[in-house]
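> The structure under discussion is supplied below as structure tokens; questions concerning it will follow.
The values are calculated or read from the model by the stated rules, or taken from the named source; none is laboratory data. Worth saying up front: this structure is predicted, and the values here are computed from it rather than measured. Note: ideal-geometry Cβ built from the backbone for every residue, glycine included; neighbour counts use all protein chains shown. Keep in mind that these areas ignore ligands, DNA and RNA; they rest on the heavy atoms of the full protein, side chains included. Shrake-Rupley method; radii C 1.70, N 1.55, O 1.52, S 1.80 Å.
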Amino acid sequence: MKKDRQQFLEDLMAVWCPSGFEENAQDVVRAHVADRCDELRTDVHGNVLAGVNVAAPLRVMLAGHVDEIGLMVSHIDENGYLFFQAIGGYDAGILTGQRVIVHGSKGPVQGVIGRRAIHLMTAEERKEAPKMEDLFIDIGATDAKDAAKHVRVTDPATIDVGLKYLLNGCVASRGFDDRIGSFVVIETLMELTKRRPKVAVWAVSTVQEEVGLRGARTSAFGLDPHVGIAVDVGHASDWAGAEKDKRKLGDVKVGAGPILCRGPNINAIVGRGLEKTAKAKKIPHQFQAEPRATGTDANAIQVSRAGVATALVSVPNRYMHTPVEVISLDDADNLIRLLTEYILTLKPADTFIPGTSKSAGKRKR
């Protein structure tokens with residue numbers, strides 16, 4: 001991966017951005033694209049929209065959500081311990097024993113999620129999975145009054161772990177779901193600013209995907225694109241013990257290329273175009289079945305207004321929604337290349353009505 005691109009990724013992964021608290025991450029995105037695109041704006045939800053050749057009649061939207069799952073303080077007890085609820089889909093079992101940062105208004109506060117020592121548990125208690133409502137954060141406060149000097153109910157928190165480099169171009173971090181998607185769409189736009197596509201391209205760093213695809217829904221309505229491509233992470237099935245998962249996910253490997261999806265959430269013409277481009281440019285790629293509506297920004301974009309020709313492409317990811325998500329930098333680079341090359345094939349007169357030729361029908365918007 002190129003050094004400037006890698007630095008952008010490191011900067012983006014270094015900030016915290018649970019759903020509804022994406023400002024710091026979006027500051028990084030804006031700083032990276034400022035003065036390098038034709039138009040840059042932020043909407044009322046906090047989506048960052050960067051465009052190139054924006055006056056062209058055919059509009060393409062690339063969407064990657066920048067928000068991550070997190071925690072929110074919901075109660076401070078008399079002893080100064082912080083109870084919390086999840087922002088997005090956390091497994092309570094991975095939270096025990098974690099270091100966390102509570103993002104208070106006066107600055108970050110270090111804490112740990114406590115767990116009763118195994119020595120004190122009965123045999124039955126050791127078998128029980130922890131429940132979210134029983135977990136708490138210990139910030140070292142002496143009582144509720146002491147804790148209130150530093151944090152308050154509604155403050156967000158994130159697990160205190162950052163980007164780590166593994167072997168063979170693999171990297172691990174919390175929040176690759178889906179800051180890597182935001183990274184990919186922005187870097188794709190940066191490539192397109194050098195090569196000037198024939199169509200309008202908007203790269204959107206969307207918000208609040210983890211709590212209902214909200215940013216994609218509103219930004220798609222505002223942009224009214226003809227084509228929408230969501231970039232997310234997809235479940236890899238190459239980790240130890242994943243043999244049963246292959247029956248559902250297919251044989252998807254980290255480092256074997258981006259994932260192309262097929263199913264009702266994917267427009268047939270856009271899907272074929274991405275596959276054709278990958279083959280023509282010899283870009284490694286994999287396939288994954290999506291037989292129903294996906295839980296991604298692609299779902300919201302597809303049904304915006306009168307409908308959008310939508311696709312979902314993914315970066316293979318091990319251990320999704322954990323603090324140690326693992327992806328390949330090569331997969332990210334190859335996805336940027338695939339999206340860039342595909343968009344350069346598009347022409348203003350193209351249509352995307354399934355079952356028709358490119359010349360069939362005319363767009364009315």
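> From the list THR322, THR340, exactly one residue is within 24 Å of ALA242 (Cβ to Cβ), polar (S, T, N, Q) and surrounded by fewer than 24 Cβ atoms within 10 Å (Cβ to Cβ). Which is it?
Numbers: THR340 fails: within 24 Å of ALA242 (Cβ to Cβ).
Checking each option against the conditions leaves just THR322.
> A further question follows. Quick check on the range 241-260. Is at least one of its residues crowded, with 24+ Cβ neighbours inside 10 Å and under 23 Å from ALA56 (Cα atoms)? Break it down stepwise before answering.
Start the filter on the range 241-260 by keeping residues that are crowded, with 24+ Cβ neighbours inside 10 Å, which leaves 258-259.
Filter once more, so that each one left must be under 23 Å from ALA56 (Cα atoms): none.
No, the range 241-260 contains no residue that is crowded, with 24+ Cβ neighbours inside 10 Å and under 23 Å from ALA56 (Cα atoms).
> Determine if the range 169-179 includes at least one residue that is in contact (Cβ under 8 Å) with a residue 60 or more places away in the chain and closer than 22 Å to ASN53 by Cβ.
Residues of the range 169-179 in contact (Cβ under 8 Å) with a residue 60 or more places away in the chain: 169-179.
If we keep only those that are closer than 22 Å to ASN53 by Cβ too, we end up with none.
No.
> Please determine whether any residue of the range 276-285 is basic (Lys, Arg), buried (at least 21 other Cβ atoms within 10 Å of the Cβ) and not in a loop (DSSP other than H, G, I, E, B).
Of the residues in the range 276-285, the ones basic (Lys, Arg) are 276, 279, 281-282.
Next, only the ones that are buried (at least 21 other Cβ atoms within 10 Å of the Cβ) stay: none.
The answer is no; no qualifying residue exists.
> Could you check, for the range 195-212, whether at least one of its residues is at positive phi, modelled with pLDDT under 95 and charged (D, E, K, R)?
Yes, the conditions are met somewhere in the range 195-212.
> Just name the residue that is least open to solvent (accessible area, probe 1.4 Å) out of those in the range 119-135 that are of a type outside the set (D, E, K, R) and within 24 Å of PRO18 (Cα to Cα).
Here the answer is LEU135.
> Next question, about the same structure. Sort out for me the strands (runs of 3 or more DSSP E) sitting completely within the range 1-118 that have 2 or more residues that are open to solvent by less than 40 Å² (accessible area, probe 1.4 Å). Walk me through it before giving the result.
Details: elements: 39-42, 48-52, 59-65, 70-76, 82-87, 99-104, 107-113.
In the range 1-118, the matching strands (runs of 3 or more DSSP E) lie at 48-52, 59-65, 70-76, 82-87, 99-104, 107-113.
> If you go through the range 231-240 one residue at a time, how many are assigned to a strand (DSSP E or B) and open to solvent by 60 Å² or more (accessible area, probe 1.4 Å)? Walk me through how you get there before you give the answer.
Let us first name the residues in the range 231-240 that are assigned to a strand (DSSP E or B), namely 231-235.
Cutting the leftovers down to open to solvent by 60 Å² or more (accessible area, probe 1.4 Å) gives us 235.
Number satisfying all stated conditions: 1.
> For LYS145, state whether it is touching a Ser or Thr at 6+ places or on another chain (Cβ under 8 Å) and exposed (fewer than 13 other Cβ atoms within 10 Å of the Cβ).
It is false that LYS145 is touching a Ser or Thr at 6+ places or on another chain (Cβ under 8 Å) and exposed (fewer than 13 other Cβ atoms within 10 Å of the Cβ).
> Here are ILE283, ILE259, ILE301, ILE229: which of them is within 23 Å of LEU189 (Cα to Cα) and more than 19 Å from the chain's Cα centre (by Cα)? Before you say what the answer is, go through the steps one by one.
Details: ILE259 fails: more than 19 Å from the chain's Cα centre (by Cα); ILE301 fails: more than 19 Å from the chain's Cα centre (by Cα); ILE229 fails: more than 19 Å from the chain's Cα centre (by Cα).
None of the other options fit; the residue is ILE283.
> While we're on this one: In the range 247-265, is there at least one residue being touching a Ser or Thr at 6+ places or on another chain (Cβ under 8 Å) and more than 22 Å from ARG318 (Cβ to Cβ)?
Scanning the range 247-265, I find at least one residue that is touching a Ser or Thr at 6+ places or on another chain (Cβ under 8 Å) and more than 22 Å from ARG318 (Cβ to Cβ), so the answer is yes.
> Next question, about the same structure. Give me the pairs, please: first residue somewhere in the range 44-69 and within 23 Å of LEU344 (Cβ to Cβ) and of a type in the set (S, T, N, Q), second residue anywhere and modelled with pLDDT of 95 or more and in a strand (DSSP E or B), beta-carbon distance under 6 Å, and either six or more positions apart or on two chains.
The qualifying pairs are ASN53/ALA200.
> Still on this model: For the range 164-174, which positions are open to solvent by 10 Å² or more (accessible area, probe 1.4 Å) and not aromatic (Phe, Trp, Tyr)? Give the derivation first.
To start, the set of residues in the range 164-174 that are open to solvent by 10 Å² or more (accessible area, probe 1.4 Å) comprises 164-170, 172, 174.
Hits for the range 164-174 are LYS164, LEU166, LEU167, ASN168, GLY169, CYS170, ALA172, ARG174.
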